[in-house]
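First comes the structure, then the notes that go with it.
None of the figures in this text is laboratory data; all of them are computed from the coordinates on show. What you see is a predicted model; the values in this text were computed from it and never measured. Counting neighbours? That spans all protein chains shown, and the Cβs are built from the backbone with ideal geometry, glycine included.
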Amino acid sequence: MKLETFALERWMTTWETVVSFDIAESGIYPLSTAELFGLLPEDQAAAAQDELLNIRLGYTEARGTERLRGALAETYEQVSPDDILVATGAIEANFLLFTSLLERGDHVVAVYPAYQQLHSVARAIGCEVTPWTISQRDNQFAFDIDALERLVRKDTRLIVVNTPHNPTGAILSQADLERIYGIAEEANAYVLCDEAYRWLDMPGGEPLAAPMRNLGPRAISVGTVSKPFGLPGLRIGWIAATEEIASACWSTRDYTSLSPAGLSDYLATIALRNRDALIARNHEIVRNNLETADVWFAEHADLAAWDRPRGGLLALVRYAAANPSSEVADLLAKDYSVMLAPGSAFGYESHLRIGVGQRPDIFAEGLRRAAICLRSLSAEGN
Ligand SMILES: Cc1ncc(COP(=O)(O)O)c(C=O)c1O
């Protein structure tokens, strides 16, 4: 299996340790372990800290501890801990699903643009991958389910969707998910819903749909503590599927990471049990950044525009300058110490991807500097 270069990850790793104002940040500003424990009442925090320090650092339960799988199962309807497989981030969860469910020659329909993994792994396996392109109506990105229906065939094995969506911030409604599930059922296909941005509703915005997994045995949900809880360093994600699919992925996992890191498994359980406090923290950060962004876009309407995210943390910024997005992104990083991801990594020229989960002071300064850069490019172009 020959995998294509992961364009976005290569670009991010080139700059993320170098720049000071990373407003391409794809998650919520991360927490420290002390801040996570700070969410607990004092006596519980002391007990949890003690328990953490005494975890024996052996291999853990390969599927993830019963404690963590139990806490995860409770977030779905009619899902048992045996239907959950904990993985090394959503990225391993997706990888295990593609490699366990697909064979060379299978037909896959996958949302486009997308986190590149959602296309590349199936292509590397030798599948025919048909992109389901997200449409742009009245300057708003939207999923066109009628178009999806036309793309799915009798031999389609897997439909891949992602909501809230990276990189546009579009969301699938409950009715959309139900329609997609119906389309999958009719084709005898599975539907993989990458829900890496689950629980990230916009403060004051529309509520998000329930997880795809709740809809039936053909539905698979992938989740992570990385984006919604600001804990990407734990590298904990999961698959919620039927026990049969979870077990097939477990067998594949014997070749990749074997078992989750015990410390991470423990901390992820604490995060899940304190979800409401983490969601309140997210809303505070995102509310602040949206306010800053709204003012910035109003003041700089001649330089850039965006389709405000409806869920998740990400959006595409359309800029006026004529330069290619990789050139603009490199210039921003090198000369302005600002990270905004090039739209070309998603096949969207003249766009940059922004994240609204960064620490508000960094976000505001990043935007201030971005305006100087975009203004100088526009002036050069005239
Ligand atoms: C849509 C999507 N899926 C999966 C991942 C991988 O996340 P994790 O850190 O859980 O591996 C990302 C990371 O950016 C993502 O955007």
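Overview of results
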{"item": "Which numbered condition THR88 fails, given (1) more than 28 Å from ALA370 (Cβ to Cβ); (2) touching a residue at least 60 places away in the same chain (Cβ under 8 Å); (3) touching a helix residue (DSSP H, G or I) at 6+ places or on another chain (Cβ under 7 Å)", "result": "(3)"}
{"item": "Any hit, region 133-149, residues being in a loop (DSSP other than H, G, I, E, B), closer than 26 Å to MET1 by Cβ and of a type outside the set (A, V, I, L, M)", "result": "no"}
{"item": "Helices (runs of 4 or more DSSP H) lying entirely in region 17-79 (those with 1 or more residues that are of a type in the set (Phe, Trp, Tyr))", "result": "33-37"}
{"item": "Residue under evaluation GLY205, criteria (1) within 16 Å of the ligand (Cβ to nearest atom); (2) in contact (Cβ under 8 Å) with a residue 60 or more places away in the chain; (3) within 23 Å of ARG310 (Cα to Cα), criterion not met", "result": "(1)"}
{"item": "Residues (aromatic (Phe, Trp, Tyr) and touching a helix residue (DSSP H, G or I) at 6+ places or on another chain (Cβ under 7 Å)) located in region 128-186", "result": "TRP132, PHE143, TYR181"}
{"item": "Test: residue in region 37-51 that is within 23 Å of ALA248 (Cβ to Cβ) and away from the ligand (no atom under 16 Å from the Cβ)", "result": "no"}
{"item": "Tally, over region 156-181, of residues that are within 30 Å of LEU352 (Cα to Cα), crowded, with 20+ Cβ neighbours inside 10 Å and of a type in the set (Ser, Thr, Tyr)", "result": "2"}
{"item": "Filter pass, TRP238 being within 20 Å of GLY312 (Cβ to Cβ), within 16 Å of the ligand (Cβ to nearest atom) and assigned to a loop (DSSP other than H, G, I, E, B)", "result": "no"}
{"item": "Flag if VAL86 is touching a Gly at 6+ places or on another chain (Cβ under 7 Å), of a type in the set (Val, Ile, Thr) and crowded, with 23+ Cβ neighbours inside 10 Å", "result": "yes"}
{"item": "Count of region 79-123 residues which are more than 10 Å from the ligand (Cβ to nearest atom) and over 27 Å from GLU149 (Cβ atoms)", "result": "10"}
{"item": "In region 13-32, the residues that are over 21 Å from HIS283 (Cα atoms) and of a type in the set (A, V, I, L, M, F, W, C)", "result": "TRP15, VAL18, VAL19"}
